[in-house]
There are 2 protein chains.
Amino acid sequence: MYTPKHFSLHDDPQIASLIAAYPLALIVAATGQGLLANHIPLLADGDGFIGHVALANPMHEAIAADSPVLAVFSAGDGYVSPNWYPSKAQTHRAVPTWNYRVVHVHGTLNFSHEDAEKRRVVSRLTTVFERQANGAEGWRMGDAPADFIASQLAGIVALRLRVIRVEAKAKLSQNRAPADVDSVAREFETRGDPALAQAMRRRD
Amino acid sequence: MYTPKHFSLHDDPQIASLIAAYPLALIVAATGQGLLANHIPLLADGDGFIGHVALANPMHEAIAADSPVLAVFSAGDGYVSPNWYPSKAQTHRAVPTWNYRVVHVHGTLNFSHEDAEKRRVVSRLTTVFERQANGAEGWRMGDAPADFIASQLAGIVALRLRVIRVEAKAKLSQNRAPADVDSVAREFETRGDPALAQAMRRRD
């Protein structure tokens, strides 16, 4: 990914927070049948990420063990008009751009059909995502009948992404004057994108 | 991309609208240095899409002419808790999932350094994106000094993506009862994601 220095994110806890807040990754692999991509929720786990796919999803057969893959996490985006820069009225030297935050995780992928691993993965994902969504009132696997959970587990394949390299980019108008940044953030807020506006103000 | 029948989108105008509303594509290519991905705004143009990248972005050198690439357009996403299904209280036979809409465009990519093509591409993108953002008050290339636009054009490379195959997926709880769909849409609205809620109600 092309990342000019002022848009590069190096802070590991910040990158981890961004992934945790936007966990739906696009996993891409180059296969014999061309580029294959699927959106899969991922959760940090040890030296990588865990997740699962449907048994009916051919990706677990198309991607050989230890294949290189790229997982891209995206934290929203928005078009930036030059009209939104107060400085533009003076100089007229501005062009449109786009703001966004992304994390690219390069790694290797492996799948597991083992019941214990599938159960562990689903349990961890459920615990974390339910806590984020519903706090202490979150759904638990134990809320469903055991035979139902067993049938659901039979229909999935667990996966583990081992991380080789992480690149993160936060394109948030850091190359503009503070008044321009404030003005664009206000536009995002007005237009219904408070998350991007907040990120611009925090500069993360 | 794995797409169960009930989540598959086949309506071309609907797919075109989705791309037009979420034009920031992730363009992925398999290169000699591994998988390479960059977020680039794209605009439909003839038999494909046009866009541009910074001259400093190595992707226009790393991706050979006519290389196969995948462009992924994403229209937001959200976690779906089983607790949000009214039917869950009766049966307890539900598990978490994720709703999202994506379009995968498989095609071939070419870059152009020609000034006329770069000017045409920037002009078209600017016209369309500015109209979406600011209506009749939109910024125009002519608002900026000619020497400034010339210097900006010198710093970019135009691209054209010729389309080979399009796959689109709208995962919007279409496999759930209407009461479950309504309830999940309400949750998305309450949690600040009206676009996904509206898409669920329209079932697009």
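For residue B:76, list long-range residues whose amide hydrogen, built 1.01 Å from N in the peptide plane, is under 5 Å from its own amide hydrogen.
Correct list: B:101.
Could you count how many Lys pairs in the protein assembly as shown have their Cα atoms under 12 Å apart, skipping same-chain pairs fewer than 8 positions apart?
4
Once the label point is set 7 Å along the Cα-to-beta-carbon vector, what list of distances in nm do you get between residue B:56 and its counterparts in the other copies?
4.8
Taking N as the number of residues in segment B:132-191, what value does Rg over Cα atoms divided by 2.2 N^0.38 Å take?
Normalised by 2.2 N^0.38 Å, the Cα Rg of segment B:132-191 equals 2.13.
Return P(r) of segment B:1-143 (all Cα-Cα pairs; 5 Å bins starting at 0; whole %; ordered from short to long distances).
Calculated P(r), rounded to whole percents: 2, 8, 14, 17, 16, 14, 10, 7, 5, 4, 2, 1, 0.
Pairs of Cα atoms under 8 Å, at least six residues apart: use those to get the relative contact order of chain B, whole percent. Before the final figure, lay out the partial values.
Numbers: 340 pairs, mean separation 54.4, N = 204.
It rounds to 27 percent for chain B.
Once amide H atoms are placed 1.01 Å from N in the peptide plane, what residues at a sequence separation of 5 or more from residue B:69, or on another chain, have their amide H within under 5 Å of its amide H?
For residue B:69, the qualifying residues are B:107, B:108, B:109.
Roughly how many nanometres apart are two label points built 7 Å out from the Cα toward the Cβ at residue B:47 and residue A:55?
4.3
Mind checking the dipole of segment B:5-202: about its Cα centre, +1 per Lys or Arg Cβ, -1 per Asp or Glu Cβ, Debye to the nearest 20? Intermediate values should be presented prior to the final figure.
Numbers: 20 positive and 20 negative charges, 156 e Å.
Value, rounded to 20: 760 debye.
For residue A:80, what is the net charge nearby, where nearby means another residue's Cβ is under 14 Å from its Cβ and Lys, Arg count +1, Asp, Glu -1?
Values: positive: A:88, A:101, A:171, A:176, A:186, A:191; negative: A:77, A:180, A:182, A:187, A:189, A:193, B:130.
Residues near residue A:80 contribute -1 overall.
Using 7 Å Cα-to-Cβ label points, what is the residue B:163/residue B:182 separation (nm, one decimal)?
So the label points at residue B:163 and residue B:182 sit 3.6 nm apart.
To the nearest 20 debye, what is the magnitude of the charge dipole of segment B:113-198 about its Cα centre, counting +1 on the Cβ of each Lys and Arg and -1 on the Cβ of each Asp and Glu?
Working: 14 positive and 13 negative charges, 86 e Å.
The calculation lands at about 420 debye.
Nearest the rotation axis from B to A, which residue of chain B has its beta carbon, and at what whole-angstrom distance?
B:30, 2
Which ³J(HN,Hα) values in Hz, rounded to whole numbers, follow from the phi angles of segment A:168-180 under the Karplus curve 6.51 cos²θ - 1.76 cosθ + 1.60, where θ = phi - 60° and Gly and Pro get x?
10, 9, 10, 8, 9, 6, 4, 8, 10, 5, x, 5, 5
Tell me, what is a quarter of the convex hull surface for the C-alpha atoms of the protein assembly as shown, in nm² with one decimal?
On the way: hull surface 78.5 nm².
Dividing the Cα hull surface by four gives the mean projection, 19.6 nm².
Going by C-beta contacts inside 10 Å, put B:79, B:2 in order with the fewest on the left.
Working: B:79 21, B:2 17.
Listing B:79, B:2 from fewest to most nearby Cβ atoms yields B:2, B:79.
Where nothing but the Cβ of Lys and Arg (+1) and of Asp and Glu (-1) is charged, how large is the charge dipole of segment B:1-117 around its Cα centre, in debye to the nearest 20?
Working: 4 positive and 10 negative charges, 214 e Å.
It comes to approximately 1020 debye.
If amide hydrogens are placed 1.01 Å from N in the peptide plane, which non-local residues have theirs closer than 5 Å to the one on residue A:9?
Under 5 Å from the amide H of residue A:9 lie the amide H atoms of A:168, A:169, A:170, each far enough along the sequence or on another chain.
From the label point of residue A:190, set 7 Å from Cα along Cα→Cβ, how far away are the matching label points in the other copies, in nm, ordered shortest to longest?
3.1
What gaps in nm, shortest first, separate residue A:135 from its twins in the other copies when you place the label 7 Å past Cα toward the beta carbon?
Shortest to longest, the spacings are 4.1 nm.
Kindly provide the GluC sites (Glu not before Pro) of segment B:72-172 that DSSP labels as loop, not H, G, I, E or B, and whose Cβ sees at most 12 other Cβ atoms within 10 Å. List each step's numbers first, then the result.
Values: sites: B:114, B:117, B:130, B:137, B:167; in loops: B:114.
Passing both the DSSP loop test and the Cβ count: B:114.
Can you run phi through the Karplus equation (6.51, -1.76, 1.60; θ = phi - 60°) for segment A:154-166 and list ³J(HN,Hα) in whole Hz, with x for Gly and Pro?
So the J values, rounded to whole Hz, are 5, x, 10, 10, 7, 9, 10, 9, 8, 7, 9, 8, 10.
Which ³J(HN,Hα) values, rounded to whole Hz and listed in residue order, are derived for segment A:2-19 from phi using the Karplus coefficients 6.51, -1.76 and 1.60 in 6.51 cos²θ - 1.76 cosθ + 1.60 with θ = phi - 60°, glycine and proline given as x?
6, 9, x, 3, 6, 10, 7, 9, 10, 6, 4, x, 5, 5, 5, 5, 4, 4
Lys/Arg Cβ at +1, Asp/Glu Cβ at -1, dipole of the protein assembly as shown taken about the Cα centre: which of B:48, A:155, A:128 is farthest positive-ward?
Comparing the listed Cα positions along the dipole, A:128 ranks first.
Quick note: the coordinates plus some simple rules give every number you see, no bench work behind them. Everything numeric here is computed off the predicted structure, so don't read it as measured data. Using ideal geometry, Cβ is built from the backbone for each residue, glycine included, and neighbour counts are taken over all protein chains shown.
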